[in-house]
There are 4 protein chains.
Amino acid sequence: MKLGFIGLGQMGVGMAANLVKAGHAVTVYNRSAAKAGPLVALGADAAATIADACRGDAVITMLADDPALDHASFDENGIVASLAPGALHISCSTISVALSGRLDDAHRACGQHFVSAPVFGRPDAAAAAKLAVAAAGCAEALDMARPVFDAIGQKTFLFGDHAPAANLVKLCGNFLIANVIEALGEAVALAGKGGVDRHAFVDLLTSTLFSAPVYRTYGGLIADRKFEPAGFAATLGLKDVRLALAAAETLEVPMPIASLLRDRFLALLAQGGAQLDWSAISTLALKDSGQS
Amino acid sequence: MKLGFIGLGQMGVGMAANLVKAGHAVTVYNRSAAKAGPLVALGADAAATIADACRGDAVITMLADDPALDHASFDENGIVASLAPGALHISCSTISVALSGRLDDAHRACGQHFVSAPVFGRPDAAAAAKLAVAAAGCAEALDMARPVFDAIGQKTFLFGDHAPAANLVKLCGNFLIANVIEALGEAVALAGKGGVDRHAFVDLLTSTLFSAPVYRTYGGLIADRKFEPAGFAATLGLKDVRLALAAAETLEVPMPIASLLRDRFLALLAQGGAQLDWSAISTLALKDSGQS
Amino acid sequence: MKLGFIGLGQMGVGMAANLVKAGHAVTVYNRSAAKAGPLVALGADAAATIADACRGDAVITMLADDPALDHASFDENGIVASLAPGALHISCSTISVALSGRLDDAHRACGQHFVSAPVFGRPDAAAAAKLAVAAAGCAEALDMARPVFDAIGQKTFLFGDHAPAANLVKLCGNFLIANVIEALGEAVALAGKGGVDRHAFVDLLTSTLFSAPVYRTYGGLIADRKFEPAGFAATLGLKDVRLALAAAETLEVPMPIASLLRDRFLALLAQGGAQLDWSAISTLALKDSGQS
Amino acid sequence: MKLGFIGLGQMGVGMAANLVKAGHAVTVYNRSAAKAGPLVALGADAAATIADACRGDAVITMLADDPALDHASFDENGIVASLAPGALHISCSTISVALSGRLDDAHRACGQHFVSAPVFGRPDAAAAAKLAVAAAGCAEALDMARPVFDAIGQKTFLFGDHAPAANLVKLCGNFLIANVIEALGEAVALAGKGGVDRHAFVDLLTSTLFSAPVYRTYGGLIADRKFEPAGFAATLGLKDVRLALAAAETLEVPMPIASLLRDRFLALLAQGGAQLDWSAISTLALKDSGQS
């Protein structure tokens, strides 16, 4: 396929590389152009503008947040204005349900296709083509997108023909990860204050009922109290919880744990932890209980 | 070893059977004697009294709650009064940190050994000798208990020489399971109200970051809304959260999620759900959001 | 003074009438013009456009929410475009801290004055000129606004020269009222389920430590379970809690009770209570405890 | 009346004095006898034992907590054993609903009367006979107790014939006070961080909708950040919230704000604030938001 790829951050660079390796003709664009170098070395073309990345069958976006994707999509000479009728926009970013809905409407109005396909996995999974893809959109568009999903991920999960549903799935997933961090923080605060070795505790958990990557990754960080460098910064954690709560407000769904998580991230930021990994909210239960 | 085993409930019957199969001489006791029959058929002896189950090297208790173990231990002709000096009491029940501390003191005062060894796993794991054992006690007592652990479980995790620490680990573990139920309930309430198929959502989760037994078991029950028959009743869930909160109060550790869980269990009971599986607290987020 | 008054809802109509009665020359504007009739009968002039209401020394706005004031202020031929240099905008609406800040900046940039002066009190207090005014703005502007405050309220409280501070005070005040409703709801759920007569309970409270209007008003509504007609609708309650939480997020202040209140309002709306008085969130504690 | 009075703490000493001044024959008892001196000087008799204080028509107890009243009532030669048939026990302490129920049963079984009559007010109100009395018990017993209520309080509120209902009312009242402290703490954290003067903020509140003693008292302490000496220590605050939660658990009533308050008191104690006034939980919202 003839593809454009917009957004060469830690995640995007690996995803774009896997598309090149899979044999697609990929034109990459990044606001700071230097990021394109390694991909050009692999065989990609570098676009000078967003519009230049929108000349093919499909364009994939992997941007930081709502404002970035909003600008890239709706600005003059942006994606919506540049994509050919019948062409496809695959949005892989973690964005709001509301923006996803606006994109879905706008592309449809222009005779273009839109698929929402946020991904689960850290940068190493992106580089290894081992992402999990949560995709939603009309059947025709999902068919068009299939070679892209196959190149970037190891499994794709379909969530129907309403594109924003996939974004909701992604936000719920990130909510569940943040919940694991908070719950482990509380459990380690209690067990630790009662004399339990926290590494042994996490070892037990992850050897039994909780033998999942999320408990191993965050259990380790929490037991080690190692929150720098940030794999995923606290500010991004707050952003994602905020997006989940915004969707919950629109849908009128009370979520007490999500509310607690929001308060935890605000406390962490207020106390100077904006640059720490989001798992640093686990330190708040320690502080509350007088363990520094 | 010459062993006694007190408490032949769903868990205890499997554990005792595995001790018999491992070649130990086991004398079993249960308040309602009929439960002993299948074990006697396997080669166990049936004791007429608790004292009769305390004549060997060690006695294992697997009872329902604090009052049951309290009586069995401290009544006239109970375990503390009956066990020989140098003999061992291995408590596998999920009990309060406080009672564990009292037992530790009482046995020490009588020249007896005490090990706290609560187990993780459901009745099928108990029957299959696949429990995980969290054990704490003095080194000599842990050495004595080793053959018992090997017969009932697949792995033993040691938490030092202070017996109540193992009970704290167990309570923290159950807190973390209840947390998963609540968090999945909130996430499914949000995603479901937004049009996401809840089985597909749980499938994604358990295929990726959350590929752990606790998410598979409870994600399945929540997606199916299947809360009867109870694998673990809501009343027991409340009991365990209450024990965690009691330990947290003694240690002065605020635990906001544990407080939320307590409120959820109270709501479930108040609304007639005492006999449902504890995963039925997940229905409260649905009700709150107007989804019946 | 020569005044304009924009927004003739339940509150505004009483406030505008009191300005007329105090001898000011008042030109009133409302989107649906019929509301102006009674005021014209009192001696006010009716403006055909917002711009026509901005020809005097000052214009007072009392609008429903952020979007309404945003449009009235920033639209072409809106307040900012129409007010003379040196003239004053007094905003009495309950709006976001962010919008107040934008208005402050915009008016300053145009050589106009801006005072934020949200009011405390229900429509009967507005009609009786018994509002409490929370005002902030530069000293000169506050001096200009003094005759207006004297005409509409019984006491004015000053909060310095940063206009948005007054909005924050108003949002905190409404947060505290909502908190009283929730706390009374929980207390009545407990006492009532324990056999205490809820009217006697509220009578005790309001005769002693809690002898304040807010407890009398809402204690009465809660004891009577009388939530229609709405004095202040649940949707408005949610709006104000959302504005408080938005300010709290900007300032990085975790507010667990505000988060709870948000969840309560969402639950009430999800269960069909959007048109009820906001005190109907008190029914949720009853429902949670199995009291219909 | 011929009265006994047990418990001469800060509250009891004023209450007993008012009974003497009202013309009753009062025999006082306190564990540390020195406290009786000033009352003997007023005309009271000093009892050497609890039994000696139980020889009259009625005995009033004003003790610190459940264990103190439990011992005084149920020990050998305690109140239940010593009171004559037909005589009356008036319990004014803040105790659990459960203990009140046990006392009610025990006195009835002995042909004695029991009235639960916890009081609202601080020591100065006790000294000035300005307490509010919340009373429950059988009609005959309430009639007998009337002269006592008239001597110690300014108004008595009746809650029916089930004595423990009065204790529930008292616990709900203290819950509502603690709620005011927490809510003011959150509001001051937000307003203060936004530049609002906290004294001006409290002044506005207590001049308007919140013009009640509880807001004036605690608003002042919070604005002044003056938490020593303690008028009511944090440990007592935790005790009362715990008693409210215990009643709520028995009655199956979820109370999210009560759960939050418990966590706040635990955090305050864990951080070394046990001896501070209970209003010091308001500092936790400040700390969470990075305001020391």
Check your understanding: Hey, among D:G56, D:G78, D:G101, D:G37, which residue is without any contact (Cβ under 8 Å) to a residue 60 or more places away in the chain, touching a helix residue (DSSP H, G or I) at 6+ places or on another chain (Cβ under 9 Å) and of a type outside the set (A, V, I, L, M)?
Key -> D:G78
Point to revise | Residue check, B:K155 surrounded by fewer than 20 Cβ atoms within 10 Å (Cβ to Cβ), of a type in the set (K, R), within 17 Å of the chain's Cα centre (by Cα) and over 23 Å from A:A183 (Cβ atoms) | key: no
Revision key, fill the gap. Residues in region A:129-152 that are in contact (Cβ under 8 Å) with a residue 40 or more places away in the chain and not in a strand (DSSP E or B) total 9
Practice item. With respect to B:A191, determine if the residue is small (G, A, S) and either farther than 22 Å from B:A72 by Cα or more than 15 Å from the chain's Cα centre (by Cα) (or both). Key: yes
**Study point:** Where B:T217 falls short, out of the listed (1) buried (at least 19 other Cβ atoms within 10 Å of the Cβ); (2) under 21 Å from the mean Cα position of the chain (by Cα); (3) more than 7 Å from chain A (Cβ to nearest Cβ); (4) in a helix (DSSP H, G or I)
**Key:** (1)
Check your understanding: What number goes with the only condition from (1) of a type outside the set (K, R); (2) closer than 26 Å to B:L266 by Cα; (3) not assigned by TED's automatic domain parsing to the domain that holds B:L236 that B:A191 does not pass?
Key -> (3)
Check your understanding: For region D:1-24, what are the residues that are surrounded by fewer than 17 Cβ atoms within 10 Å (Cβ to Cβ) and closer than 12 Å to D:A53 by Cβ?
Key -> D:K2
Exercise for review: State whether the residues of region B:235-250 include one that is within 11 Å of another protein chain (Cβ to nearest Cβ), without any contact (Cβ under 8 Å) to a residue 40 or more places away in the chain and more than 18 Å from D:E252 (Cα to Cα).
Suggested key: yes
Review point. Just a yes or no: is a residue in region A:39-52 more than 22 Å from the chain's Cα centre (by Cα), modelled with pLDDT of 95 or more, within 25 Å of A:S96 (Cβ to Cβ) and not polar (S, T, N, Q)?
Key: yes
Point to revise | Matching option when the condition is of a type in the set (A, V, I, L, M) and farther than 20 Å from B:P213 by Cβ, among A:A132, A:A183, A:A136 | key: A:A136
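So that you can scan it fast, the table gives a plain yes or no per residue for (1) of a type in the set (S, T, Y); (2) in contact with a helix residue (DSSP H, G or I) (Cβ under 6 Å, 6 or more places away or on another chain); (3) facing another protein chain (nearest Cβ under 9 Å); (4) in a helix (DSSP H, G or I):
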position	(1), (2), (3), (4)
C:Q154	no, no, no, no
C:F157	no, yes, yes, no
C:G173	no, no, yes, yes
C:I177	no, yes, yes, yes
C:A183	no, yes, yes, yes
C:E186	no, yes, yes, yes
C:A191	no, yes, yes, yes
Check your understanding: Is at least one residue of region B:267-275 at pLDDT 95 or above and crowded, with 24+ Cβ neighbours inside 10 Å?
Key -> yes
**Study point:** In region A:121-144, residue nearest to the chain's Cα centre (by Cα) [restricted to those that are within 15 Å of A:S93 (Cα to Cα) and surrounded by fewer than 22 Cβ atoms within 10 Å (Cβ to Cβ)]
**Key:** A:R122
Practice item. Determine whether region D:267-275 contains at least one residue that is more than 8 Å from every other protein chain (Cβ to nearest Cβ), assigned to a helix (DSSP H, G or I) and not aliphatic (A, V, I, L, M). Key: no
Practice item. Return a yes/no flag: does region C:220-243 have any residue that is aliphatic (A, V, I, L, M), part of a loop (DSSP other than H, G, I, E, B) and modelled with pLDDT under 95. Key: yes
Practice item. Quick one: which residue in A:V115, A:V196, A:V202, A:V180 is crowded, with 24+ Cβ neighbours inside 10 Å and in the same structural domain as A:V20 (by TED's automatic domain parsing)? Key: A:V115
**Study point:** Selection status of C:G86, loosely packed, with under 15 Cβ neighbours inside 10 Å and on the phi > 0 side of the Ramachandran plot
**Key:** yes
**Study point:** Given (1) more than 11 Å from every other protein chain (Cβ to nearest Cβ); (2) closer than 30 Å to D:K155 by Cβ; (3) among the acidic types (D, E), index of the condition C:E228 fails
**Key:** (2)
Study note, to complete from the structure: Taking region A:204-214 and keeping only residues that are farther than 13 Å from B:C172 by Cβ and facing chain B (nearest Cβ under 7 Å), one is left with A:S207, A:S211, A:A212, A:P213, A:V214
**Study point:** Residues satisfying the stated conditions in region B:123-141, i.e. more than 26 Å from B:G219 (Cα to Cα) and out of contact with any strand residue (DSSP E or B) (no Cβ under 6 Å at 6 or more places or on another chain)
**Key:** B:C138, B:A139, B:E140
Revision key, fill the gap. Screening A:A53, A:A41, A:A47, A:A72 for residues that are loosely packed, with under 15 Cβ neighbours inside 10 Å and in the same structural domain as A:V148 (by TED's automatic domain parsing) leaves only A:A41
Check your understanding: Since A:V188 meets every condition but one in (1) in contact (Cβ under 8 Å) with a residue 60 or more places away in the chain; (2) under 16 Å from C:L245 (Cα atoms), which condition does it not meet?
Key -> (2)
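The values are calculated or read from the model by the stated rules, or taken from the named source; none is laboratory data. These figures come from a predicted structure and were not determined experimentally. Heads up, the Cβs are rebuilt from the backbone with ideal geometry, glycines too, and the neighbour counts pull from every protein chain shown.
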